[in-house]
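The values are calculated or read from the model by the stated rules, or taken from the named source; none is laboratory data. Worth saying up front: this structure is predicted, and the values here are computed from it rather than measured. Ideal geometry is used to build each Cβ from the backbone, glycine not excepted, and the neighbour counts take in all protein chains shown. Calculation scope for accessible area: heavy atoms of the full protein, side chains included, ligands and nucleic acids excluded. Shrake-Rupley method; radii C 1.70, N 1.55, O 1.52, S 1.80 Å.
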Amino acid sequence: MNGSQITTAPDRRDGATPAPGAPVLEVVGLRKRFGDLTALDGIDLTVNEGEVVAILGPSGSGKSTLVRCLDQLEGIDGGAMYLDGELLGFEQGRTLRPLTDAGVRAQRRRMSMVFQQFNLFPHWTVLRNVTEAPIAVHGIAPAQAKAKALDLLAKVGLSDKATAYPRQLSGGQQQRVAIARAVAVEPRVLLFDEPTSALDPELIDEVLQTMQALAATGRTMVVVTHEMEFAREVADRCIFMAEGRVIEDRPAEAFFRDPQTDRLRSFLARSMRANADQGAERETGRETDRENGARQP
């Protein structure tokens with residue numbers, strides 16, 4: 001990004017610890033292009049302390065690009081992003097200058113991303129996958145990191161898998177390890193990029209239940225998802241994106257009960273039908289598992 005495209009991007013830190021409900025993440029006029037394609041076209045977004053924000057929209061609407069920009073995995077072409085009032089990706093002097101790679105890494109340590117494809121290291125045990133970043137990146141003592149990792153694995157229902165390798169786990173179990181890994185570094189914001197999209201239907205519920213339990217602890221979460229029921233039941237706010245723009249941004253209950261645009265109404269109708277079909281498929285899978293279990297001697 002060319003710094004001259006941001007005319008004013010003050011660093012908003014005041015040195016105080018953010019109070020509950022205070023803005024943690026702010027996005028102002030965010031723009032991102034890939035060649036001739038405008039992926040993000042003036043996105044404005046605020047995420048408050050302890051808030052769960054679900055981002056919904058059709059494929060190609062810019063949802064994943066947005067969270068990748070937030071985590072500085074993609075550069076931006078305009079606008080500004082702030083974490084606890086600190087400008088992300090740039091430093092403010094007489095002009096804006098891109099941060100050094102070390103500066104970007106330091107900022108990224110305060111956010112964690114859970115990806116679609118788990119991204120576990122296949123040659124490491126589950127325990128090492130969870131402890132590596134706290135020890136190597138955050139300087140946590142190994143014994144402390146291990147104790148915390150074992151506690152997190154217990155909370156995601158995998159206390160018996162600490163010495164297993166990713167290849168020995170189901171997709172749902174791998175994603176739960178990825179969630180434990182993301183939480184282990186105590187990020188200010190947890191970002192999720194369609195965390196259930198790579199899973200077989202019968203494995204989706206276990207990951208959604210883990211995320212719901214995490215939300216109940218007061219974590220600040222931004223979740224890109226196609227799971228309508230999760231968004232309705234767990235999110236505080238829902239954002240609908242299309243063609244790189246925010247079309248609606250409302251409290252979750254009002255978002256689903258009273259959509260304000262024809263575009264969102266149409267999207268919700270299609271998505272609810274698809275989710276109902278998927279739910280039926282999951283239940284069929286569970287019934288098959290129960291029948292197979294009953295046949296075991």
Taking the stretch 62-83, which residues are farther than 13 Å from Asp193 by Cα and under 17 Å from the mean Cα position of the chain (by Cα)? Gln72, Glu74, Met81, Tyr82, Leu83
Might you let me know whether the stretch 27-36 holds any residue that is surrounded by fewer than 16 Cβ atoms within 10 Å (Cβ to Cβ) and at pLDDT below 95? no
Take the conditions part of a helix (DSSP H, G or I) and in contact (Cβ under 8 Å) with a residue 12 or more places away in the chain and apply them to Gln173. Does it pass? yes
Need pairs with beta-carbon distance below 7 Å; first residue among the acidic types (Asp, Glu) and within the stretch 107-134, second surrounded by fewer than 21 Cβ atoms within 10 Å (Cβ to Cβ) and assigned to a helix (DSSP H, G or I); sequence gap 6+ or separate chains. none
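Among strands (runs of 3 or more DSSP E) lying entirely in the stretch 56-147, which contain 3 or more residues that are in contact with a Leu (Cβ under 9 Å, 6 or more places away or on another chain)?
Correct list: 78-83, 111-114.
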Can you find even one residue in the stretch 48-55 that is out of contact with any helix residue (DSSP H, G or I) (no Cβ under 7 Å at 6 or more places or on another chain), farther than 30 Å from Gly171 by Cβ, part of a strand (DSSP E or B) and not hydroxyl-bearing (Ser, Thr, Tyr)? yes
So Arg250 passes all but one of these: (1) in a loop (DSSP other than H, G, I, E, B); (2) modelled with pLDDT of 95 or more; (3) over 14 Å from the mean Cα position of the chain (by Cα). Which condition number does it fail? (1)
What's the number of the only condition in (1) modelled with pLDDT of 95 or more; (2) surrounded by 17 or more Cβ atoms within 10 Å (Cβ to Cβ); (3) of a type outside the set (D, E, K, R) that Leu203 fails to meet? (1)
Among the listed residues Asp71, Asp36, Asp41, Asp77, which satisfies the condition of being of a type in the set (Asp, Glu) and within 25 Å of Glu186 (Cβ to Cβ)? Asp71
Quick test for you: out of Phe115, Phe90, Phe121, pick the one residue that is open to solvent by 60 Å² or more (accessible area, probe 1.4 Å) and either touching a Gly at 6+ places or on another chain (Cβ under 9 Å) or closer than 30 Å to Phe230 by Cα (or both). Phe121
Being touching a residue at least 40 places away in the same chain (Cβ under 8 Å) and not in a loop (DSSP other than H, G, I, E, B) is the filter; apply it to the stretch 176-187 and report the residue that is most open to solvent (accessible area, probe 1.4 Å). Arg181
Pairs only if they're at least six apart or on different chains, beta carbon under 8 angstrom, first in the stretch 191-220 and at negative phi and part of a strand (DSSP E or B), second aromatic (Phe, Trp, Tyr) and crowded, with 18+ Cβ neighbours inside 10 Å; list them, first residue then second. Asp193/Phe115
Take Asp101 and decide whether it is open to solvent by 10 Å² or more (accessible area, probe 1.4 Å), acidic (Asp, Glu) and at negative phi. yes
Within the set of pairs 6 or more residues apart or between chains, which connect a residue that is of a type in the set (Phe, Trp, Tyr) inside the stretch 148-168 to a residue that is modelled with pLDDT of 95 or more and open to solvent by less than 70 Å² (accessible area, probe 1.4 Å) with Cβ atoms less than 8 Å apart? Tyr165/Trp124; Tyr165/Thr125; Tyr165/Val126
If only one of Val222, Val185 is closer than 26 Å to Pro23 by Cβ, modelled with pLDDT of 95 or more and out of contact with any Leu (no Cβ under 8 Å at 6 or more places or on another chain), which one is it? Val185
crowded, with 18+ Cβ neighbours inside 10 Å, modelled with pLDDT under 95 and either in contact with a strand residue (DSSP E or B) (Cβ under 7 Å, 6 or more places away or on another chain) or aliphatic (A, V, I, L, M) (or both): is that true of Leu96 in this structure? yes
